[in-house]
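Data block below; observations after.
The values are calculated or read from the model by the stated rules, or taken from the named source; none is laboratory data. These numbers were taken from a predicted model, which means no experiment stands behind them. Reconstructed Cβ throughout: ideal geometry from the backbone, glycine too, with neighbour counts over all protein chains shown.
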Amino acid sequence: MATRMWMPLAIVGASLLLAGTAAAVEEKLNVEYSADQVIEAEEVAMKSRVFHTPTKERREMSQGGQNMIIIMRHDKKVSWTVMPEEHIYMEAAMKPSADKDKTDMSAYKIEQTPVGQEMLNGVNMNKSKIIMTHSSGSKMGGFMWTTKEGIMAKIDAIAVEKGSKDRFKMEQTNIKVGKQPADLFELPRGVEKMDMGGMGMDMMKDMMGR
């Protein structure tokens, strides 16, 4: 099982970092929407379907023929990673860690500077320069495009840490603003909790901290 879950956990790490960035930018955004999303980070690339509310988010993705669902419940301070074909899920508390790892957005200072408007996939977007500085001294900087509602449609940035540079991108297309069904953000029926003794999340944090 651990071997099969290595790549999904890499995707979880990239997804949580980009989701955290979006959440920090969209902090006061009070809209619900769905979208197709592509994330590229280091050697990881993933397509997913996203369903978003101000307090909940669901991501549906597939890697190597294995489907996975990530449900983030900010209202309950918990996230679930579900493997539907195997009828199992992992649970993790969503709270700031003592060591302020790279997925903890409270450890970042975010500077956002508007630079004008630009067409993206046929839609007029607001473009901004964004700089994120972590408490450890590492930085991420680049450009971000948002819809008129304030939804992050794209971010293209470079992370700089200890002299190394890593590029990461996220883009959302087919954005549909509207009420999302409540049952999307609940655990599917028939799945059992898998206790990995923290191994899964430790693996993810190690990958994101490199």
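Below are the figures for this structure:
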{"read-out": "Test: residue in the stretch 164-176 that is surrounded by fewer than 16 Cβ atoms within 10 Å (Cβ to Cβ), at pLDDT below 80 and over 19 Å from Arg58 (Cα atoms)", "value": "yes"}
{"read-out": "Residues (crowded, with 20+ Cβ neighbours inside 10 Å and either part of a strand (DSSP E or B) or of a type in the set (Phe, Trp, Tyr) (or both)) located in the stretch 139-152", "value": "Met140, Met144, Trp145, Thr146, Met152"}
{"read-out": "Qualifying residue in the stretch 75-89 (condition: more than 23 Å from Thr55 (Cβ to Cβ), at pLDDT below 90 and of a type outside the set (Phe, Trp, Tyr))", "value": "no"}
{"read-out": "Pairs, first within 19 Å of Glu40 (Cα to Cα) in the stretch 61-85, second surrounded by 15 or more Cβ atoms within 10 Å (Cβ to Cβ) and of a type in the set (Ser, Thr, Tyr), C-beta under 7 Å, six or more apart", "value": "Met61/Ser48; Met68/Thr81; Ile70/Ser15; Ile70/Ser79; Ile70/Thr81"}
{"read-out": "Pairs with Cβ under 7 Å, 6+ apart, first in the stretch 113-126 and under 14 Å from Met152 (Cα atoms), second among the acidic types (Asp, Glu)", "value": "Met125/Glu118"}
{"read-out": "Hits in the stretch 44-59 (condition: surrounded by fewer than 18 Cβ atoms within 10 Å (Cβ to Cβ) and either touching a Pro at 6+ places or on another chain (Cβ under 9 Å) or in a strand (DSSP E or B) (or both))", "value": "Val44, Ala45, Lys47, Arg49"}
{"read-out": "Answer residue from the stretch 91-138, given it is part of a loop (DSSP other than H, G, I, E, B) and at pLDDT 85 or above and is nearest to Arg167 (Cα to Cα) among those", "value": "Asn121"}
